[in-house]
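Worksheet for the structure shown next.
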Amino acid sequence: MDNRIKELTDMTKKKFGLAHYYLERYTINRHVTLSGETVYTLTMEWLPNHTEKPEDDTNPEGAAVIEMNVHSRKFVSAIFVMDKTFAENGICFAGLGKDAMINWMEKETGLMYGNQLALHKEEEGRLLFKTVMDDGIEISPSGYVEIKYNEAGELTFFTVHGQFPSNALIRKESYTLSFDKVENIAKEQLKLIEFPSYEQEKRVPVYVVEEVFITNSQMTTLPFEVGDGSSYLNMDQTVYFDNTVKNPIEIKEINWTEEVTAEQAFVQEPSPDAYPITKNEQEKCIQAVKDLLLQEYPDDSGNWILKTLHRDKGYIYAILRTNQLDKQVFQRKLTVIIDAASCRAVNYVDNKSMLDMFDQFQAAEKPVIDKEEAYQKLKTLYELKPYYVYDFEQKQYILCGKIDCQYGVHASSGEVIALNEV
């Protein structure tokens, strides 16, 4: 074991009271933040001394899986399996009030309560915090911090996940949106969707509001479905191909893990995922998508829209959606996996098999009300809430309003229903 790694594991063992545990294994991982920074983390699996690693490679009850940032030495997560801990003189909240626990959280994460985090949910044995800016406005993509503890007050779960942007990434401005200003967009977001009812094995037609972000300054929309990496490119182009572009594709097994060395971590080597996808790579990726579609879906020229490209662990992922949208709540999606070095497609994932099971469901009843009637029923239930949303083109968070609604209208009865009950 590298001496630098040993120092981190020793620190972990002492902090979390793991005297009765042994280190089963560790891995070094890396990811790229929205700002393009490569972050290296050390993940450690600690097993109680009285247990052995199960043959199925799962962790036994009481095992501790702990991840820390290699450079800041701050802990990203600490999870005790099945909420069982054998820690001794570890982290314990017994006798501490909520304020003291918040102080502990601030010291652990370096995040400030009230300025960067707000308490989102408080339950017995659990605190959940969400990212907010100092004006109380939430962000998207978001971040959260979660703490769980048992009846003895011992820590059983701690995680820091997602985005916690600095003020430098936030473009501040006064929020000026109102529902009257965006009503035309709000009305457009009302869609007739068929929800699958697993209990009844039938499709239920419901008018629902499709979430969307509207920019505060331009009143234009931002896509709701985005990732949390720095290399996402919005493409939005229909893919056409003919028989003259065929390059045989060899389908290969994808290596979902990335081998990262201690040396790479400690010298903070930038991840290949941190580099933007160049114009030349974009053109090659489009050709790779065409080649795969021609081989696997030869009759689908013009049927797919290339939505985004993004890097991940040595691959470039092309996300496609069919342009033949139907009323299903789950839409057809195709992910083409492209080797970043050669820009050749090597595999793909199609969600068609998941969607096919809904074909067995009883067809939805015919609507008895139209979109205008449904809109009038839902109009007062719409939500318009300010958010700072990351714009991948401007590389910063911009102020938006999020249109959403927790209710829908049952199209065959006209009844207003809560969507969580559909």
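Within the stretch 34-138, which GluC sites (Glu not before Pro) sit in a loop by DSSP and count at most 12 neighbouring Cβ atoms inside 10 Å?
Of the GluC sites (Glu not before Pro), the ones in loops of the stretch 34-138 whose Cβ has at most 12 other Cβ atoms within 10 Å are Glu52, Glu55, Glu88, Glu124.
Output needed: percent of Cα pairs per 10 Å distance bin for the chain, bins running from 0 to the one holding the longest distance.
For the chain, the binned pair fractions read 4, 16, 22, 27, 22, 8, 1, 0 percent.
Checking a compactness column here: for the stretch 22-66, what do you get for Rg(Cα) / (2.2 N^0.38 Å), N being the number of residues?
So the Cα radius of gyration is 1.50 times the expected 2.2 N^0.38 Å.
Using the alpha-carbon atoms, what tilt in degrees (0 to 90, nearest 10) does helix 279-296 show relative to the longest principal axis of the chain?
70 degrees
Net charge around Gln268, counting only other residues with Cβ within less than 10 Å of its Cβ (Lys, Arg = +1; Asp, Glu = -1)?
-1
Just the number, please: carbon plus sulfur as a percent of the accessible area of the stretch 273-355, 1.4 Å probe, no ligands or DNA/RNA counted.
Here carbon and sulfur together make up 50 percent of the probe-accessible area.
May I ask you to rank His50, His161 by accessible area, largest first, using a 1.4 Å probe over the protein chains only?
Ranked list, largest accessible area first: His50, His161.
Quick check: convex hull of the Cα atoms in the stretch 144-227, volume per residue, rounded to a whole Å³?
219 Å³
Roughly speaking, to the nearest percent, how much of the stretch 1-101's 1.4 Å accessible area is carbon and sulfur?
Roughly 47 percent of what the probe reaches on the stretch 1-101 is carbon or sulfur.
When the Cα centres of the stretch 26-105 and the stretch 156-202 are compared, how far apart do they sit, in Å?
A separation of 30 Å, based on Cα centres.
Averaged per residue, what accessible surface does the chain expose to a 1.4 Å probe, in Å²?
52 Å²
I need to check one value: relative contact order of the stretch 312-394, counting alpha carbon pairs closer than 8 Å and at least 6 residues apart, in percent.
19 percent
Would you kindly state how much longer the chain becomes between Thr322 and Thr51 on full extension, computed as 0.36 nm times their sequence separation minus their alpha carbon distance, in nm to one decimal?
92.6 nm is the gain from fully extending Thr322 to Thr51.
Over the chain, what is the percentage of antiparallel beta bridges among all DSSP beta bridges, to the nearest 5?
The answer is about 95 percent antiparallel.
Taking the 0 to 90 degree range and rounding to the nearest ten, how far is the long axis of helix 98-109 tilted relative to the main principal axis of the chain, both from C-alpha atoms?
For helix 98-109, the angle is close to 90 degrees.
What is the Cα convex hull volume of the stretch 331-422 when expressed per residue in Å³?
Normalising the Cα hull of the stretch 331-422 by residue number yields 178 Å³.
So what does log10 I(q)/I(0) come out to for the stretch 1-157 at q = 0.12, 0.19 Å⁻¹, using the Debye formula with one equal point on every Cα and no solvent?
Once normalised to I(0) and log-transformed, intensities are -0.58, -1.30.
Of the DSSP beta bridges with both residues in the stretch 9-72, give the percent that are antiparallel, rounding to the nearest 5.
100 percent
For the stretch 69-176, compute Rg over Rh where Rg is the Cα radius of gyration and Rh is the Kirkwood radius from the inverse mean 1/r over Cα pairs.
Rg divided by Rh gives 1.01.
The values are calculated or read from the model by the stated rules, or taken from the named source; none is laboratory data. Everything numeric here is computed off the predicted structure, so don't read it as measured data. When we count neighbours, we look across all protein chains shown, and the Cβ atoms used for this are built from the backbone with ideal geometry, even at glycine. All accessible areas refer to the heavy atoms of the entire protein, side chains included, with ligands and DNA or RNA removed. Shrake-Rupley method; radii C 1.70, N 1.55, O 1.52, S 1.80 Å.
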